[in-house]
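Structure first, then comments.
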Amino acid sequence: MDSADAGVRRRDIARRLHRVTDRIDAACAAVGRDPATVRLIAVTKTFPVDDVLHLAALGVTDVGENRDQEAAAKAAAAAAAGARVRWHFVGRLQRNKCRSVAGYADAVHSVDSVRLAAALQEAAHRERDLPLDALVQVSLDGAAGRGGAVLDAAEPDVDLRRVADAVAAAPALRLTGLMAVAPVDWAPEAAFGRLARIVDLVRAEHPTATVVSAGMSGDLEVAVRYGATHVRIGSALLSERAGLR
Ligand SMILES: *Cc1c(COP(=O)(O)O)cnc(C)c1O
């Protein structure tokens, strides 16, 4: 990309970033929350590392990715270019990718089984000096196969409380909170309302699990209303096709 194109892209992202932060501010104002209590994670999946550099230059401190191969390459390239951002792994995580992810991620939002918690513990123990922030991903509709631990699951490996306990007991992990994606066929109010009740249940056992990672380009206002502390925004920041990915 030549510098003229880079300038156009940076101004485009700056404009979108402004709109997103306005939306977050308005959503906070509507429920009397301090906007400083909501962190923006820019989800850069499918977009080039140049966009990460633009975001970093515009003051974004947190970026999210959902595939290890893409994330590993982008994290390395961004670091080589001097960008200092925190990397959030927000996608489905296979156990054989844990060592790679533990090497560059600052937080993993998608721990959804006891077995995955054990693999991530092992990986973080080998790869890191400091514990890895880990969030338990909640399946709000309990649908199998789409990711997420389930409240009162029949299967112990994916039972939400057991997964949270496993993360909390893992010395190389730090249970920081919960993450969820609203099911496509649910009203966001129903989804994030249910998440808020589950957050209360988990916090009663794990008071330091304060992070609520919820809300994307299409539903961030509702997520903020129901207590999101981290919103994960991709298309509204980076793509013409807002809400279509
Ligand atoms: C892609 C993605 C997002 C961002 O979604 P947008 O609708 O583009 O804002 C957030 N969370 C996860 C887990 C994602 O995979």
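The values are calculated or read from the model by the stated rules, or taken from the named source; none is laboratory data. Everything quoted here is computed from the prediction, not taken from an experiment. For neighbour counting, all protein chains shown are included, and Cβ atoms are generated from backbone atoms with ideal geometry for every residue, glycine included. Side chains included, ligands, DNA and RNA excluded: accessible areas come from the protein's heavy atoms. Shrake-Rupley method; radii C 1.70, N 1.55, O 1.52, S 1.80 Å.
Considering each residue of segment 201-220 in turn, at least one proves to be among the acidic types (Asp, Glu) and buried (at least 19 other Cβ atoms within 10 Å of the Cβ). The condition of being more than 17 Å from Arg92 (Cα to Cα) and crowded, with 17+ Cβ neighbours inside 10 Å holds for only one of Ala153, Ala149, Ala134, that being Ala153.
Could you please let me know if Leu55 is at pLDDT 95 or above, part of a strand (DSSP E or B), more than 26 Å from Glu127 (Cα to Cα) and within 16 Å of the ligand (Cβ to nearest atom)? Taking the combined requirement at face value, the residue does not satisfy it. Counting only helices (runs of 4 or more DSSP H) wholly contained in segment 141-245, the ones carrying 2 or more residues that are within 16 Å of the ligand (Cβ to nearest atom) and either of a type in the set (Gly, Ala, Ser) or in contact with a Lys or Arg (Cβ under 9 Å, 6 or more places away or on another chain) (or both) occupy 188-205, 220-225, 235-238. For Val158, the stated conditions hold: it is surrounded by fewer than 23 Cβ atoms within 10 Å (Cβ to Cβ), touching a residue at least 40 places away in the same chain (Cβ under 8 Å) and β-branched (Val, Ile, Thr). Looking only at segment 29-76, residues that are touching a residue at least 60 places away in the same chain (Cβ under 8 Å) and of a type in the set (Gly, Ala, Ser) come to 3 in all. Is it the case, given these coordinates, that Gln121 is of a type in the set (S, T, N, Q), at pLDDT 95 or above, part of a helix (DSSP H, G or I) and open to solvent by 10 Å² or more (accessible area, probe 1.4 Å)? Spelling it out, Gln121 is indeed of a type in the set (S, T, N, Q), at pLDDT 95 or above, part of a helix (DSSP H, G or I) and open to solvent by 10 Å² or more (accessible area, probe 1.4 Å). Within segment 13-27, which residues are among the basic types (Lys, Arg) and open to solvent by 60 Å² or more (accessible area, probe 1.4 Å)? Once the filter is applied, which keeps residues that are among the basic types (Lys, Arg) and open to solvent by 60 Å² or more (accessible area, probe 1.4 Å), segment 13-27 yields Arg15, Arg19, Arg23. If you check Ala76, Ala42 for being of a type outside the set (Phe, Trp, Tyr), at pLDDT 95 or above and surrounded by fewer than 20 Cβ atoms within 10 Å (Cβ to Cβ), only one passes: Ala76. Each residue in segment 58-84 was checked for being hydrophobic (A, V, I, L, M, F, W, C) and part of a strand (DSSP E or B), and 1 of them qualify.
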